[in-house]
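S.K.: This is the structure I want to talk about, given as structure tokens.
The values are calculated or read from the model by the stated rules, or taken from the named source; none is laboratory data. These figures come from a predicted structure and were not determined experimentally. As a convention, Cβ positions derive from the backbone with ideal geometry for all residues, glycine included, and neighbour counts pool all protein chains shown. SASA here: full protein model, heavy atoms, side chains in, ligands and nucleic acids out. Shrake-Rupley method; radii C 1.70, N 1.55, O 1.52, S 1.80 Å.
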Amino acid sequence: MTIELSVDEAAQVRLWHRVSQFLFREARLLDEWRLREWYDEMLTDDVRYAVPATDVRDGTTDALGLVDDDAARLRQRIEQLLNDEVWCENPRSRTNRMIGNVEILADRGTHLDVAANVVVHRFGHGRSDAYVGKYRFELVVAGESFRVRRRVVVLDHETLYEHGKLSIIL
Amino acid sequence: MTIELQRPVGDPIVLDDPGRHSFRVDRRAYTDEDVAARELTRIFDRCWLYVGHESEVPGPGSYVARDVGGRPVVMARGSDGVIRVFANSCTHRGALICSQPAGQVRSFRCPYHDWTFSNQGDLVGVPIPDGYGPGFRKADFGLARHRSDTYRGFVFVTFDPQQPLTLTEYLAGATEYLDLVDDQSEAGMEVIRGAQLHGAQANWKLMMENSVDIYHFRALHKRYVTYMESLGSVPPRRRGGFGRALGLGHGANELPPAAARPLAYWTPMFGAEVRPRIEATAARFVDRFGPERAQRITGTNRALLVFPNLMIIDAIAITIRKIDPVGAGRMAITSVALAPRDEDPDIRELRKSHYLTFLGPAGFATPDDIEIIESCQRGYLNRTVRYSDLSRGMNKEVPETTDELPAREFWRQWDRLMHGDDGHHVEAAHPGGAHGTGPR
Ligand code: FES
Ligand SMILES: [Fe+2]
């Protein structure tokens, strides 16, 4: 049986496929600790990477979060990780990012609002932790591909009591 | 109560020998579950414990529910404006009367049988009251109110009705440092929304020690030091400063700022745009307090340990860190940022940004602290090495910040409380704590 897609639907499927592939590639680069590549090839110059506090659920911006990196601080974070200066990531933990429920919330022409669910498993120093959350991305359309301009990870945990720390990039 | 007064676990844990400049702690203090259980009754059931900041309950009926000393409590501001701390447990059959972490209510309604308590703690509603005899009086079933008090906006509670010290007496020399924090705004200080709720698989006392330990800074936080040096900051050792014992287990480190302070100490890392505003604030502090005290408030960093489990770190941002034991080998950590209520929005953003660079579970320093104290805890599994050494600075008249005086002050009070001396008397402070009473 063949399913006939309308032109519009086919375009949507292609877009969704490209977005998904982009997110999967990002996850793979992060899992493989190819952080400079990720930074150079997949992010905009004015990228923002944020993880809000677990006790603030209303998206307010005046609250203190867990991470709120501009491009410079994110670059710093990456260099520290790659130069083995992060004591708790030396030896490097093994991570596995599982991404699902990829959804294009809005196509704004020059950029897309994208949502996905994510579980990041982290193993290292005798521990295993899982970070469960929701990705909220702003993807700038760059030719056939994208660049991330805004990358917010809303954790679903009530606290990070079990994890203690968040030393990897989610 | 002779059983209570027995030593719980054989040999002494704290070996304090000032004559030989020797101070050792038996590592059972961090690993033994009997010690942990005894800490709850001897320390957390008796001391004044930090609950929260009054800005967290700003208006009538606002409340926060949290655990203090292992007990669920509610800190609520009544319709009468008074802040009270209640047991978060229904006087009927025990359910939490408050299951939200924060909110604002006229009354607390227990979900189990709908008993209703006013935000001042009185029992005001009992469904189907004809089930109770004439001797039943609502007045007997108000929420259990804990003894609480506030010092400069910091709310504390004690579960010991016999605690002989008032809060101010208990805080001893720590009040000097709380004053330096609360003096930072005429409009009052406030907790910024967004708590960093995390923890560590390590004994809670390791985090207390770590929080007043500047000796580890250059070694463990190399990445942060490198980063800050690239922004023009000066590492602790070259800044000097000193450690202090403040009596009754409290201690502090005080030293010139590493880089900048959002309140009123500008350096280029904050950017030229905010410079006039920050310098204007600095001038206002000189008018208000005179040059010497203004300098101490605005131009000095400090870390204050309030026994047993509160840290206030006042540096490039102000952190309030509450550390709660969970058995011997785990802890829960709650960190929030404190700031002037009337802070300029741009400067507030700078404060939050620099807070996150260093602090919290994803900062450039705290994750390494967590990892290293977990590493200590694992190291203690090899019981062959029995003691940890905390003697740095015992050979000096005025210990430096890279010494271990505040930690020793903590341990001396811990030892007094754990071993029967009620530890309530200021005079009982160890001779090693004498620096706490001198001028800076
Ligand atoms: S337990 Fe609260 S009303 Fe019964
Ligand atoms: Fe540290």
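S.K.: Of the residues that sit in segment B:243-270 and are in contact with a Ser or Thr (Cβ under 7 Å, 6 or more places away or on another chain) and assigned to a strand (DSSP E or B), which one is surrounded by the fewest Cβ atoms within 10 Å (Cβ to Cβ)?
M.R.: Among those that are in contact with a Ser or Thr (Cβ under 7 Å, 6 or more places away or on another chain) and assigned to a strand (DSSP E or B), it is B:Glu254.
S.K.: Which count do you get for residues in segment B:162-210 that are open to solvent by 10 Å² or more (accessible area, probe 1.4 Å), within 14 Å of chain A (Cβ to nearest Cβ) and assigned to a helix (DSSP H, G or I)?
M.R.: 1
S.K.: Would you point out which residue out of B:Gly327, B:Gly299 is at positive phi and touching a residue at least 24 places away in the same chain (Cβ under 8 Å)?
M.R.: Every option except B:Gly327 fails the conditions.
S.K.: I need the full set of residues from segment B:304-320 which are modelled with pLDDT of 95 or more and open to solvent by 10 Å² or more (accessible area, probe 1.4 Å), in order please.
M.R.: B:Ile313, the sole residue that qualifies.
Quick grid of which residues meet (1) surrounded by fewer than 22 Cβ atoms within 10 Å (Cβ to Cβ); (2) away from chain A (no Cβ under 12 Å):
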{"residue": "B:Arg341", "(1), (2)": "yes, yes"}
{"residue": "B:Glu349", "(1), (2)": "yes, no"}
{"residue": "B:Ala362", "(1), (2)": "no, no"}
{"residue": "B:Glu371", "(1), (2)": "no, no"}
{"residue": "B:Gly379", "(1), (2)": "yes, yes"}
{"residue": "B:Asn382", "(1), (2)": "yes, yes"}
{"residue": "B:Arg386", "(1), (2)": "yes, yes"}
{"residue": "B:Asp389", "(1), (2)": "yes, yes"}
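S.K.: So which residues in segment B:211-224 are outside any loop (DSSP other than H, G, I, E, B) and farther than 23 Å from B:Arg27 by Cβ, if there are any at all?
M.R.: Within segment B:211-224, B:Phe217, B:Arg218, B:Lys222, B:Arg223, B:Tyr224 qualify.
S.K.: Another one. Evaluate segment A:136-151: report whether one residue or more is under 27 Å from B:Ala332 (Cα atoms) and modelled with pLDDT of 95 or more.
M.R.: no
S.K.: List the strands (runs of 3 or more DSSP E) that sit entirely inside segment B:36-121 and contain at least 2 residues that are open to solvent by less than 50 Å² (accessible area, probe 1.4 Å) and more than 16 Å from ligand 1 (Cβ to nearest atom).
M.R.: It comes to B:49-53, B:62-68, B:71-77, B:83-87.
S.K.: So which of B:Glu273, B:Glu229 ends up being surrounded by fewer than 17 Cβ atoms within 10 Å (Cβ to Cβ), more than 30 Å from B:Glu54 (Cβ to Cβ) and within 14 Å of chain A (Cβ to nearest Cβ)?
M.R.: After ruling out the rest, the residue left standing is B:Glu229.
S.K.: Residues that are open to solvent by 10 Å² or more (accessible area, probe 1.4 Å), within 14 Å of chain B (Cβ to nearest Cβ) and closer than 24 Å to B:Asp369 by Cβ: does segment A:104-120 have at least one?
M.R.: No, every residue in segment A:104-120 fails to be open to solvent by 10 Å² or more (accessible area, probe 1.4 Å), within 14 Å of chain B (Cβ to nearest Cβ) and closer than 24 Å to B:Asp369 by Cβ.
S.K.: Which of the residues that make up segment B:122-140 are over 17 Å from B:Gly61 (Cα atoms) and open to solvent by 60 Å² or more (accessible area, probe 1.4 Å)?
M.R.: B:Ile128, B:Pro129, B:Asp130, B:Gly131, B:Tyr132, B:Pro134, B:Gly135, B:Arg137, B:Lys138, B:Ala139, B:Asp140
S.K.: Please state which one of A:Val86, A:Val13 is free of Cβ contacts under 8 Å to residues at least 60 places away in the same chain and either surrounded by 11 or more Cβ atoms within 10 Å (Cβ to Cβ) or within 30 Å of B:Ala339 (Cα to Cα) (or both).
M.R.: Numbers: A:Val86 fails: free of Cβ contacts under 8 Å to residues at least 60 places away in the same chain.
Sole residue among the options that is free of Cβ contacts under 8 Å to residues at least 60 places away in the same chain and either surrounded by 11 or more Cβ atoms within 10 Å (Cβ to Cβ) or within 30 Å of B:Ala339 (Cα to Cα) (or both): A:Val13.
S.K.: Just for segment A:142-170: of the residues that are assigned to a strand (DSSP E or B) and open to solvent by 60 Å² or more (accessible area, probe 1.4 Å), which one is farthest from the other protein chains (Cβ to nearest Cβ)?
M.R.: If we filter segment A:142-170 for residues that are assigned to a strand (DSSP E or B), which is where we start, we get A:142, A:145-155, A:160.
Among the residues that remain, those that are also open to solvent by 60 Å² or more (accessible area, probe 1.4 Å) are: A:147, A:149-150.
Values: A:Arg147: 23, A:Arg149: 19, A:Arg150: 17 Å.
Per the criteria, the residue is A:Arg147.
S.K.: Is there a residue being surrounded by 20 or more Cβ atoms within 10 Å (Cβ to Cβ), away from ligand 2 (no atom under 16 Å from the Cβ), part of a helix (DSSP H, G or I) and of a type outside the set (D, E, K, R) anywhere in segment B:392-409?
M.R.: Scanning segment B:392-409 turns up at least one residue that is surrounded by 20 or more Cβ atoms within 10 Å (Cβ to Cβ), away from ligand 2 (no atom under 16 Å from the Cβ), part of a helix (DSSP H, G or I) and of a type outside the set (D, E, K, R).
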